[in-house]
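The values are calculated or read from the model by the stated rules, or taken from the named source; none is laboratory data. Computed from a predicted structure; not experimentally measured. All Cβ positions, glycine included, derive from the backbone under ideal geometry; neighbour counts span all protein chains shown. Side chains included, ligands, DNA and RNA excluded: accessible areas come from the protein's heavy atoms. Shrake-Rupley method; radii C 1.70, N 1.55, O 1.52, S 1.80 Å.
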Amino acid sequence: TPPECPFCGEAAGRELEEHVRARHGHLLGAPGTGNGEQLYECPMCSLTCTNIEILEEHVDLHLEEHSFSEGGNIRDLELAQRLQTEEDEWQRSEEERQEREEFKKLQRQYGLDNSGGFKQQFLKNMEREVDRGRMQPFEYHKRKADMMESLASGIDDGKTKTSGVIEALCKYYQNENRDVRRVWLSAAVDHFHSSLGDRGWGCGYRNFQMLLSSLVQNSLYNDCLRDTTLIPSIPKIQSMIEDAWREGFDPHGASHFNNRLHGSKAWIGACEIYSLLTSLRIKCQIIDFHKPTGPMGTHPRLFEWVLRYYSTDNEDGAKVVCTSKPPIYLQHQGHSRTIVGIEEKKNKSLCLLLFDPGCSSQEMQKLLKQNNDGTGLKLLRKFVGSLKEKQYQIVAVDGVLTLEEKDARCCASQVLTSEKIP
């Protein structure tokens, strides 16, 4: 097939070049070609045009296309920015929602959710016992009346109390000949366990009752406790701590509870116990074991401190030393217990003896048997490897404060209330 002319489409054969020059030479003209016609080149794509109007229309098309493309990019950018803003706002909203949920969980966990206090929980749990057939209606009404009387008087009803355990331990250790080299026991102390009204949150209050049960039997503290000769109920203890706050003790801690404990299920810890005891002019100190001091996350220095506390002024060599020292309040995250003594084994290892508010009266009363073979002591014994929380605090009582010393400690508690063991 002979080649066609690109301008007119005619078959030109071998004479194509001559055909183009003869018939369409004016289209090939340019300045200086001699045919007198001007060619115009597009500055954007190098296309040549013979007419200036055609070139202008052609360039306008380029500009319109560029403008459309640029406008599309701008719209895409705006859309992307808007989507990112919406995503950021959603993320921020979700984080705030999660923070609120976590805060509500913490409030519920620590009894600060305004869900009621000892009385409300006691009644609710008794109603549940009746619904499940584990309590008769007449018992419900009797226990309700007793609880209301206890709340009105501010005195604990004593139904969770076990007395005489320290005396039973003293007898047991005097006859124990297996692995205990020496043992130091605190002064007499009653055990109190949690009831239907404070189960899950009342350990701090129950441990204070244990400590107080020992102090009221010691004449050294008669003057401090002349208004507290009987063990107060948990709601009464809450009011006593609020009174200490109003005196100026631990304003930082008070603000954590919005200066209110009564009628709540708020957990308390070492600082609240310190503030309450000091407000009663009872000399005490907080020792903070803020990090492990032994292998595998253990706290041997805590055990050594307790040994020094109980063994001071009692170095007569006796195997069983019944001291006049009050028990020690022991706190860690989520729970507290009462240290009532310490064993030194024949291999020199140490073992704490603890009263736990979570242990029932039925279990504690097993320790009162005179023919106790020592199996019940598993409830009390804690070796160094058993206490592996990250941090522990203890509150130890050691005498009576003057009014001036009490005021000084009140001021000091507004800054710092604990001594850290390095």
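I'm trying to understand the selection: among the residues of region 337-377, which are out of contact with any helix residue (DSSP H, G or I) (no Cβ under 8 Å at 6 or more places or on another chain), modelled with pLDDT under 90 and either surrounded by 22 or more Cβ atoms within 10 Å (Cβ to Cβ) or outside any loop (DSSP other than H, G, I, E, B) (or both)? Selection gives Thr375 alone.
Arg206 satisfies every condition listed in (1) open to solvent by 10 Å² or more (accessible area, probe 1.4 Å); (2) assigned to a helix (DSSP H, G or I); (3) under 30 Å from Ser115 (Cβ atoms) except (1).
Of everything listed in (1) touching a helix residue (DSSP H, G or I) at 6+ places or on another chain (Cβ under 6 Å); (2) closer than 30 Å to Val180 by Cβ; (3) not in a strand (DSSP E or B), the single unmet condition for Arg301 is (1). Hey, any hits in region 229-246 for a residue that's in contact with a strand residue (DSSP E or B) (Cβ under 8 Å, 6 or more places away or on another chain), of a type in the set (Lys, Arg) and surrounded by 15 or more Cβ atoms within 10 Å (Cβ to Cβ)? Yes - at least one qualifying residue is present in region 229-246. Selection of region 41-95 for residues being polar (S, T, N, Q) and either at pLDDT 65 or above or open to solvent by less than 90 Å² (accessible area, probe 1.4 Å) (or both) yields Ser46, Thr48, Thr50, Asn51, Ser67, Ser69, Gln81, Gln84, Thr85, Gln91, Ser93.
Ser194 meets all of the listed conditions (1) touching a helix residue (DSSP H, G or I) at 6+ places or on another chain (Cβ under 9 Å); (2) open to solvent by 30 Å² or more (accessible area, probe 1.4 Å) but one, namely (2). For region 179-191, residues that are touching a residue at least 60 places away in the same chain (Cβ under 8 Å), open to solvent by 10 Å² or more (accessible area, probe 1.4 Å) and in a loop (DSSP other than H, G, I, E, B) total 2. Taking the criterion of being open to solvent by 80 Å² or more (accessible area, probe 1.4 Å) and modelled with pLDDT under 95, the residues of region 142-164 that qualify are Lys142, Glu149, Ala152, Lys159.
Check whether at least one residue in region 307-314 is within 30 Å of Glu405 (Cα to Cα) and assigned to a strand (DSSP E or B), and report yes or no. The answer is no; no qualifying residue exists. If the condition is being free of Cβ contacts under 8 Å to residues at least 60 places away in the same chain and either in contact with a helix residue (DSSP H, G or I) (Cβ under 7 Å, 6 or more places away or on another chain) or closer than 23 Å to Ala270 by Cα (or both), then region 307-329 contributes only Arg308. Of the residues in region 281-298, none is assigned to a helix (DSSP H, G or I), open to solvent by less than 10 Å² (accessible area, probe 1.4 Å) and under 27 Å from Ser386 (Cα atoms).
Residue count for region 170-190 satisfying the condition of being under 33 Å from the mean Cα position of the chain (by Cα) and either under 18 Å from Glu343 (Cβ atoms) or of a type in the set (S, T, N, Q) (or both): 2. Scanning region 112-124 for residues that are surrounded by 15 or more Cβ atoms within 10 Å (Cβ to Cβ) and not small (Gly, Ala, Ser) yields Leu112, Asp113, Phe118, Lys119, Gln121, Phe122, Leu123. Among the residues of region 262-279, the ones that are assigned to a helix (DSSP H, G or I) and open to solvent by less than 10 Å² (accessible area, probe 1.4 Å) come to 6 in all. Of all the listed residues (Lys388, Lys369), the sole one being of a type in the set (Lys, Arg), over 20 Å from Lys291 (Cβ atoms) and out of contact with any strand residue (DSSP E or B) (no Cβ under 6 Å at 6 or more places or on another chain) is Lys369. Taking Ser214, is it farther than 30 Å from Lys345 by Cβ and in a helix (DSSP H, G or I)? Taking the combined requirement at face value, the residue does not satisfy it.
Taking region 125-136 as the range and being open to solvent by less than 70 Å² (accessible area, probe 1.4 Å) and over 27 Å from Ser239 (Cβ atoms) as the test, the residues that pass are Glu129, Val130, Gly133, Met135.
Evaluation of Ile394 against the conditions (1) open to solvent by less than 40 Å² (accessible area, probe 1.4 Å); (2) over 26 Å from the mean Cα position of the chain (by Cα); (3) modelled with pLDDT of 95 or more shows that the sole unmet condition is (2).
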